[in-house]
Amino acid sequence: MKLAQLTAYLESLAPLAYQEEYDNSGLIVGHPDSEIHQALISLDCTEAVVDEAIATGCQVIVSHHPIVFKGLKKFNGKTYVERVVEKAIRHNIAIYAIHTNLDNIMTGVNARICETLGLKNSRILAPKHQLLKKLVTYVPVAQAEEVRSALFAAGAGNIGNYSEVSFNAEGFGTFKGNEHTNPYVGEPGKRHREHEIRIESIYPANLESKIIMALVLSHPYEEVAYDLYPITNQHQQVGSGMIGELENAKNADAFLAFVKEKMHASVIRHTAFTGKPIKKVAVCGGSGGFLLKQAIAAGADVFITADYKYHEFFDAEGKIVIADIGHFESEQFTQQLLYEIIQNKFVNFAVRLTKVNTNPVKYYI
Ligand SMILES: [Zn+2]
């Protein structure tokens, strides 16, 4: 199939608009219209992973971490980043990254950690703002249902577990077309009054062009009247970190032993136990320190993440147990997650998990 088919599907699940500002998710190397037969999944795209792609005949590497974060100015093979990009281009291997956009969805990296730990009632810890907008349009009564359905099909009207959400009010619209018009109802040069429905519906901003296209194609008027409003609501299903609950509370000692085993962690660096049993668990794969305040505010007893620095551990202030399990360890199930996402959708397409352990951190125990 074409590379674009794979990337379009991945981006329908984890839109690029959901990535953090510093990130560089998306197609980093390669042409969307190139043919692909086999993909290699990895957490990091290192030289060893590119070599593995060459040896196993993969045309695309789908990696969680982008190999390129900032602009590259020279290509002399001086750094591993330059060498990876150069080698991939020389061997016609595409590199695709699905990073914080995969972290930020309800079925992404953090959801997989919650599942691994058996957490219930998991939700996004820090939902994102500025991802939703509102559409208001005015449709003749007879066509309202058709327009509503077209908007829903294009992705409007989803709130939490509810779909096809809209508000509808009846009223009348007026319009007068000039001599260049051919109005659907009424005559040019005469003010027309039409019984209309005002339809309002919320939509993800990244689907705006698709939704406007659906509106214009389903609406009977020559000139479709609509308003697009920015709204500041949180998107409950998109954001950083997740929080959930253990079926049965555990004491902190037993809980960390459980996490160590489930997450295959060689070691867990943690703050002092608070004396409270562990019931509410906040998680963030990778560097999640920026979410500590939200984890405390949400009442989490423990925060499982990675990349904590010495001084940052003090911020626990006896209110929560910070548990740093290692960056690679916290995200290791992401490879399996990507494997399943791609294999379940493209059953006849070959997907391979890397055999390279890309973790740059070694533990001397
Ligand atoms: Zn990471």
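Just so you know, all these numbers are worked out from the coordinates, no wet-lab data involved. These numbers come from a predicted model, not from an experiment. No Cβ is skipped: glycine too gets one built from the backbone with ideal geometry, and neighbour counts run over all protein chains shown.
Summary of computed values
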quantity: Per DSSP, loop trypsin sites (Lys or Arg not before Pro) in the stretch 291-365 with at most 11 further Cβ within 10 Å; calculated: K309, K355, K362
quantity: Relative contact order (%) - criterion: Cα under 8 Å, at least six apart; region: the chain; calculated: 19
quantity: Approximate spin-label separation I296-E312, in nm, with each point projected 7 Å along Cα-to-Cβ; calculated: 1.5
quantity: Alpha-carbon centroid distance for the pair the stretch 272-321 / the stretch 183-214, whole angstrom; calculated: 49
quantity: Between 0 and 90°, nearest 10: helix 333-345 axis offset from the chain longest Cα axis; calculated: 40
quantity: Theoretical FRET efficiency, 1/(1+(r/R0)^6), r = Cβ-Cβ of K120 and L353, R0 35 Å, to 0.05; calculated: 0.80
quantity: Cα Rg over Rh - the stretch 111-200, Kirkwood; calculated: 1.24
quantity: Hits among lysines - C-alpha to C-alpha of K176 under 16 Å, sequence gap 8 or more where chains match; calculated: K190
quantity: Surface/4 estimate of mean projected area, convex hull on alpha-carbon atoms of the chain, nm²; calculated: 23.6
quantity: Environment charge at N359 (Cβ cut-off 9 Å; Lys +1, Arg +1, Asp -1, Glu -1); calculated: -1
quantity: Potential extension, A225-Y80 segment - 0.36 nm per residue separation minus Cα distance; calculated: 46.9 nm
quantity: Label-point gap, in nm, between F258 and F167 - each point 7 angstrom along Cα→Cβ; calculated: 4.3
quantity: Length gained when the stretch K362-S34 is fully extended (0.36 nm per residue, less Cα-Cα span); calculated: 114.3 nm
quantity: Trypsin sites (Lys or Arg not before Pro) restricted to DSSP loop in the stretch 58-165 with at most 10 other C-beta within 10 Å; calculated: K70, K73, K74, K78
quantity: Descending semi-axes in Å of the stretch 248-365, equivalent ellipsoid built from Cα gyration tensor; calculated: 30, 16, 14
quantity: Reach of K345 by Cα under 16 Å, taken over lysines that are not fewer than 8 positions away in the same chain; calculated: K2
quantity: Of K120/K309; K262/K319; K70/K210; K70/K133; K250/K280, those spanning more than 20 Å from alpha-carbon to alpha-carbon; calculated: K120/K309; K262/K319; K70/K210; K70/K133
quantity: Candidates per GluC sites (Glu not before Pro) in the stretch 289-333, loop by DSSP, up to 11 other Cβ within 10 Å; calculated: E317
quantity: In degrees, nearest ten, helix 80-90 long axis to first principal axis of the chain (Cα); calculated: 60
